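See structure below.
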Amino acid sequence: MTERELFDLYNKDVYRTCYYMLRNAQDAEDLCHDVFVTVFRQDWKSIEHTRAWIMRIAMNQCLNLLKKKQTQLKKQHQVQLLHEQTAATIKSVDTLVSEKVAEEEWQELLKQLPEKLMAVVTLRYIGELSLTEIAATLNIPVGTVKSRLHKALKIMRQKLQQNQNLWLKGENQFGTH
């Protein structure tokens, strides 16, 4: 049996399983592709129960993706809750700027940060760790934690200002003369 024949034989089963697990056609398609890449990198011709083996790979990859998405949603939700709590209690410059941001925009800003910066922001505001604890957790100097936190907040502040400027420009277009 060739790789093409194997793919043609099991592709629909793998896709159907992925689709029902993920409830998203694009994710199912991507994962189906990943399953067969994994299969073809293995010695699949020596597997006795090929269909069961392929379906187990598909199921494991679906579960991994679902777990990853669940973790991302929890982090975003926690950051949003932290943002709301902070905005209600402390009126710092960062909080005043953040109050004007819609929930979707806040989450989008956080997602746009590089992973190293998002990790520091997450540990600081969601995990409520001190700068020293963050440094120990990430195995980096405290100064690096401070600079990453500063840089992350600066990037988010700049993006907020850009978004606000775009909104104001749009408002001027409809002004009365």
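Give the accessible area for Y10 in Å² (nearest 10); use a 1.4 Å probe, count only protein heavy atoms, and leave out ligands, DNA and RNA.
In the full protein context, Y10 sits at about 30 Å².
Stretched out fully, how many nm does the piece from T137 to D34 gain, at 0.36 nm a residue minus the Cα gap?
Values: separation 103, 0.36 × 103 = 37.08 nm, distance 3.23 nm.
Value of the extension gain: 33.9 nm.
Could you tell me which of the pairs K67/K159; K12/K45; K67/K154 are separated by over 24 angstrom between their Cα atoms in the structure shown? Walk me through the numbers before you get to the answer.
Working: K67/K159 30 Å; K12/K45 20 Å; K67/K154 31 Å.
From the list (K67/K159; K12/K45; K67/K154), the Cα-Cα distance tops 24 Å for K67/K159; K67/K154.
Any chance you could run the full-extension gain for F7 through Q162? It's 0.36 nm times the residue separation minus the Cα-Cα distance, nm to one decimal. Show your work: numbers first, answer last.
Numbers: separation 155, 0.36 × 155 = 55.80 nm, distance 4.77 nm.
Roughly 51.0 nm would be gained on extension.
Could you run the Karplus curve 6.51 cos²θ - 1.76 cosθ + 1.60 with θ = phi - 60° over region 48-62 and give me ³J(HN,Hα) per residue in whole Hz, x for Gly and Pro?
6, 9, 4, 4, 4, 5, 5, 5, 5, 4, 4, 5, 4, 5, 4
In region 1-54, carbon and sulfur make up what percent of the accessible area (probe 1.4 Å)? Can you show the working numbers first?
Working: 1720 of 3720 Å².
Heavy-atom surface of region 1-54 belonging to carbon and sulfur, 1.4 Å probe: 46 percent.
Please give the FRET efficiency for S46 paired with E128, using the beta carbon to beta carbon distance and R0 = 45 Å, rounded to the nearest 0.05.
Details: r = 51 Å, r/R0 = 1.14.
Approximately 0.30, to the nearest 0.05.
Could you sort M1, M156, M55, M118 by their accessible area in this structure, using a 1.4 Å probe and putting the largest first? Spell out each step's value before the answer.
Values: M1 120, M156 10, M55 35, M118 55 Å².
Result of the area sort, largest leading: M1, M118, M55, M156.
Using the heavy atoms of the protein chains alone and a 1.4 angstrom probe, what is the accessible area of region 10-75 per residue in square angstrom?
Details: 4520 Å² over 66 residues.
For region 10-75, the solvent-accessible area averages 68 Å² per residue.
The values are calculated or read from the model by the stated rules, or taken from the named source; none is laboratory data. Bear in mind that the values here come from a model prediction, so they are computed numbers and not experimental data. When we count neighbours, we look across all protein chains shown, and the Cβ atoms used for this are built from the backbone with ideal geometry, even at glycine. The accessibility values were calculated without ligands, DNA or RNA, using every heavy atom of the protein model including side chains. Shrake-Rupley method; radii C 1.70, N 1.55, O 1.52, S 1.80 Å.
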